[in-house]
Amino acid sequence: MMDIRRELFRYADLKCHLWNEYFIDLFTGLEECEPLDSFDEIDDRLFKTLVCRPLGIKLPDYSYGKSRAIKQIVIRPQAHTSEIVIMFRIPDTQRNIWEKNQVIKADGMSCWFIDFFQWDRYDYLKLPLVECVVFDWPAHPELVGREALIEPMYLDFFLAGSEKENDADG
């Protein structure tokens, strides 16, 4: 499959830069809609311009705040990664409640990308985690469908259905 790490990390880098340099000082609290609404709209446009458009990914007109997986972006552990540190969202909770970190053998894990993640998105942005949904994991079928947080240094990012998919998968 086609490696799309560059597109994703260029987007994340620009998102962090814009927030940290131009928006963070405008943020006064959650009771104010601005600058959050404006930044969310800009973030949505950045993702579509820097990631979706060049890769041919189609998303709804306004998709920020989504908790839906982008099935065209496939995440897999890097080839040299035998175990990953992962945190799973507790299912059927109204709030973002996550289990404690686990170390799990990474063999065969495949996920769909949701977004880059950090606990306090209104502080200085670094986006140290990737939020995703497990769609295939033969060694752990009980985890399929679960949302997860993983450090990106353990991961590769691919465009699903790309020309090279058959070559990469054998």
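One table, with the values for the structure above:
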item: Qualifying trypsin sites (Lys or Arg not before Pro) in segment 18-61, DSSP loop, other Cβ atoms within 10 Å at most 11; result: K58
item: Per-q log10 I(q)/I(0), the chain, q = 0.17 Å⁻¹ (Debye; single scatterer per alpha-carbon; no solvent); result: -1.13
item: Coil-residue GluC sites (Glu not before Pro) of segment 108-150, DSSP, other Cβ within 10 Å capped at 12; result: none
item: Exposure proxy order (Cβ contacts within 10 Å, fewest to most) of Y122, Y11; result: Y122, Y11
item: Fraction of alpha-carbon pairs over 21 Å apart in segment 54-150 - percent; result: 35
item: Segment 2-169, relative contact order in percent, only Cα pairs under 8 angstrom and at least six apart counted; result: 27
item: Residue exposure sequence - I97, I84 - by fewest surrounding Cβ within 10 Å; result: I97, I84
item: Coil-residue trypsin sites (Lys or Arg not before Pro) of segment 76-170, DSSP, other Cβ within 10 Å capped at 11; result: R95, K100, K126
item: Under the Karplus curve 6.51 cos²θ - 1.76 cosθ + 1.60, θ = phi - 60°, whole-Hz ³J(HN,Hα) for segment 132-145, x wherever Gly or Pro sits; result: 8, 10, 6, 10, 7, 6, x, 6, 9, x, 5, 9, 5, x
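Every number here is computed from the coordinates shown, using simple stated rules; none is lab data. Just so it is clear, the model here is predicted, and its values are computed rather than measured. Heads up, the Cβs are rebuilt from the backbone with ideal geometry, glycines too, and the neighbour counts pull from every protein chain shown.
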